Amino acid sequence: MQETWSKDPATVMKELRLLIEQVTALIVYCKGGPPRRSLVRDIAEHEGSCYLVLQRPSGWTAEQPISFLLYKPEGQPIRGFSFTVTREAGERIAGPCPQEIFQIQRRRWPRVPAAADSTATLIVPGKTRFSAMAVADVSLGGMRLYGTPAYELKVGDLVGPITLKLMMEYATLDHEITVASAAVVRINPRAEGGVEVGLSFTPSDAEAEKLETYINLRGLERSAFQHG
């Protein structure tokens, strides 16, 4: 998932200048608000310190602290860096230049806890009612649900399609993903009532891309905000 791309000051500065030259779109993630778009406008010095100057994201206010920014170099994995706004002036915001740039690499079966209120609506082939369950966690090859399904499930059963509504914990953003089919690989009773259901599936390319986006963003969100 997230790993260091570079901590070398010269490499980081070169990358930041490329963002300006290539007018690369940044996706801005902030606490308590939806993702927004921005651009790097300048690199400035003030009292011996380096500042990154961004275009103020539309609708952004200081009450929604920015945590990290992501961008996608052509033909390369997604990259990003942490960012804290320390200055504002009209349509510009600024903060200390990042000391490190990270990248997001695809890993096999990364698993992240789903945020509260994430749900799964699943259909059992041949049955008329659907089951609505809560999502505990999700990966590129499986998910763990809990609740009371509309029909008794057994290990080995095939279910689907499954419509996932995966929430973020801090950003006001949700991801709706439909998985065509999954196999029940585990069922355990829960002390609180209902059951925990483990599902395994092989996602299509489109499903994998959407799941990977959610998994990466949740991982970044948890890393950025778990101590905030």
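Do we have any residue at all in the stretch 72-81 that's more than 26 Å from ARG222 (Cα to Cα) and at pLDDT below 90?
So far as the stretch 72-81 goes, yes, one or more of its residues are more than 26 Å from ARG222 (Cα to Cα) and at pLDDT below 90.
Take LEU39 and decide whether it is within 17 Å of the chain's Cα centre (by Cα) and either closer than 21 Å to LEU220 by Cα or of a type in the set (S, T, N, Q) (or both).
Spelling it out, it is not the case that LEU39 is within 17 Å of the chain's Cα centre (by Cα) and either closer than 21 Å to LEU220 by Cα or of a type in the set (S, T, N, Q) (or both).
Return the pair list, or none, for Cβ contacts closer than 8 Å from residues in the stretch 1-30 that are under 12 Å from LEU70 (Cβ atoms) and in contact (Cβ under 8 Å) with a residue 40 or more places away in the chain to residues that are assigned to a helix (DSSP H, G or I) and among the aliphatic types (A, V, I, L, M), at least 6 apart or on different chains.
From the stretch 1-30, the pairs are GLN2/LEU220; THR24/LEU18; LEU26/LEU19; TYR29/LEU217; TYR29/LEU220; TYR29/ALA224.
Looking at GLU91, GLU63, GLU100, GLU74, which is the one that is among the acidic types (Asp, Glu) and touching a residue at least 40 places away in the same chain (Cβ under 8 Å)?
Just one listed residue meets the conditions, GLU100.
Looking only at the stretch 1-22, count every residue that is farther than 14 Å from PRO98 by Cβ, touching a strand residue (DSSP E or B) at 6+ places or on another chain (Cβ under 9 Å) and in a loop (DSSP other than H, G, I, E, B) and tell me the total.
Residues flagged as farther than 14 Å from PRO98 by Cβ, touching a strand residue (DSSP E or B) at 6+ places or on another chain (Cβ under 9 Å) and in a loop (DSSP other than H, G, I, E, B) within the stretch 1-22 amount to 1.
Inspect the stretch 70-88 for any residue being out of contact with any helix residue (DSSP H, G or I) (no Cβ under 9 Å at 6 or more places or on another chain), in a strand (DSSP E or B) and either hydrophobic (A, V, I, L, M, F, W, C) or buried (at least 19 other Cβ atoms within 10 Å of the Cβ) (or both) and give the result as yes or no.
no
Assess whether ILE162 counts as being modelled with pLDDT under 90 and under 23 Å from the mean Cα position of the chain (by Cα).
no
The values are calculated or read from the model by the stated rules, or taken from the named source; none is laboratory data. Predicted model only: the values in this text are computed from it and were never measured. So basically every Cβ, Gly included, is an ideal-geometry build from the backbone, and we count neighbours across all protein chains shown.
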